[in-house]
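What follows is a short report on a single structure.
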Amino acid sequence: MPIANYSGDIACEVLVAMRNEMLAISWWDTKSPDPVAWRTAWTLCEVPGGTVVSVSRPAFSSDDPAVRRMAGLSDRFWPTAMAKLGRLIDCAATTPAGGGAVEL
């Protein structure tokens, strides 16, 4: 994505993994000559009838134009990603263990 100097080829490192509570990662563009490590965290909170998933991206609170462009791209990406995650969770909840691969 030339608009944000982003190749789409990423690597990531898990920073925090707490079962049924939180996942935090650091990720970066592997093809960037000057990579920036971005942080993203997902927090799960049980509520009556389900679970609320919150996404936090603290690195996007910058005045840097490149960071703002990346934040704009990310804002368009997450609704699609979270919708797919929701379908996967719904499917997993109704698929017997050992039920095989699931297409989304």
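What follows is calculated from the coordinates using simple rules that are stated; it is not laboratory data. Bear in mind that the values here come from a model prediction, so they are computed numbers and not experimental data. Backbone-built Cβ (ideal geometry, glycine too); neighbour counts: all protein chains shown.
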**Request:** Return the tail of the calculated pair distribution for the stretch 36-86, meaning the percent of Cα-Cα pairs more than 12 Å apart.
**Result:** 70
**Message:** Given Cα positions, please report Rg to Rh for the stretch 2-94, the hydrodynamic radius being the Kirkwood one.
**Reply:** 1.01
**Message:** Test of understanding: ordering Thr43, Thr80 by Cβ neighbours within 10 Å, fewest first, what list do you get?
**Reply:** Thr80, Thr43
**Request:** Quick one: which residues, 5+ away or cross-chain, put their amide H under 5 Å from the amide H of Ile10? H built at 1.01 Å from N.
**Result:** Thr30
